[in-house]
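Data block below; observations after.
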Amino acid sequence: RVAHTTKVSYSGPVRASFNEVRMTPLTLPTQITLESRVSAGAGVPVWTYADYWGTYVSVFDISEPHEMLTIQAHATVETGQRLTDKVPGPVSWADLEARTADGRLLEFLLPTPLTTVTPAVADTVTAAVRGADPVEAAEEIAARVRAQVSYIAGSTGVRTNAQEAWDQGQGVCQDMAQVTVALLRAAGLPAKYVSGYLHSD
């Protein structure tokens, strides 16, 4: 069960607010979302649509003056073993290049302001995985990030980019994810950063 509450307070009354939240867990090969609901207060209708990336977006607006907004998301998710018998086989570099040439995966190869490293860093890491298959390359890149960037709570902020975290040698989960995404993309492996909840048990 996931229960998530977000509270937003304003310095004065807000006449109206228009909101989009992405708080609905996806059904994936390793998890099934059994039930999910998002609410923003009594009498506030919430609409849902799937965005370009396949994420469920809950949309609502509040037209009455308000000084606080409370959003509650509740979900029940079954996790565990792979929930389908269809296990994808290994992908070759040629298959990967063909799939990304003109499809949506191409976007997962492009750098963003937060997922960019210098050519020198990218070249060093990609040279180390030359000759490896895509899975081996991904595992080696993740291991190099783990060796380079130590987890230190509070060491970075939400605007810290991959290069800064790499240079500092420290960061938090989002920094490790952004460095890993930057290096995977530099190696030709489509990658994206998806946030979620960690079920430690």
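The values are calculated or read from the model by the stated rules, or taken from the named source; none is laboratory data. From a predicted model like this one, the values you see are computed outputs, not experimental measurements. The area values use the complete protein model at the heavy-atom level, side chains included, leaving out ligands, DNA and RNA. Shrake-Rupley method; radii C 1.70, N 1.55, O 1.52, S 1.80 Å.
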Study note, to complete from the structure: Regression test value, accessible area per residue of the chain, probe 1.4 Å, units Å², expected 64
Point to revise | Centroid-to-centroid separation of segment 158-199 and segment 107-142 [C-alpha atoms, Å] | key: 11
Check your understanding: In a GNM of the chain with a 10 Å cut-off on Cα contacts, which of Gly12, Gly188, Gly171 has the highest mean-square fluctuation?
Key -> Gly12
Check your understanding: Most mobile of Asp175, Asp51, Asp133 per a Gaussian network model of the chain (Cα springs, under 10 Å)?
Key -> Asp51
**Study point:** Contact order relative to length of segment 49-201, as percent, for alpha carbon pairs under 8 angstrom and 6 or more apart
**Key:** 23
Revision key, fill the gap. Out of Val135, Val14, Val121, a Gaussian network model of the chain with alpha-carbon springs under 10 Å gives the largest mean-square fluctuation to Val14
Review point. Where the Cα atoms of segment 1-107 are projected onto their three principal axes, how long is each span, largest first, in whole Å?
Key: 57, 32, 21
Exercise for review: Before rounding to the nearest 500, sum -39500 (n - 2.57) across all DSSP H runs of length at least 4 in the chain and divide by the residue total; then give [θ] at 222 nm in deg cm²/dmol.
Suggested key: -8000 deg cm²/dmol
Check your understanding: On the accessible surface of segment 46-201, probed at 1.4 Å, how many percent belong to carbon and sulfur atoms?
Key -> 54
Check your understanding: When Rg is the radius of gyration of the Cα atoms in segment 75-154 and Rh is its Kirkwood radius, what does Rg/Rh come to?
Key -> 1.03
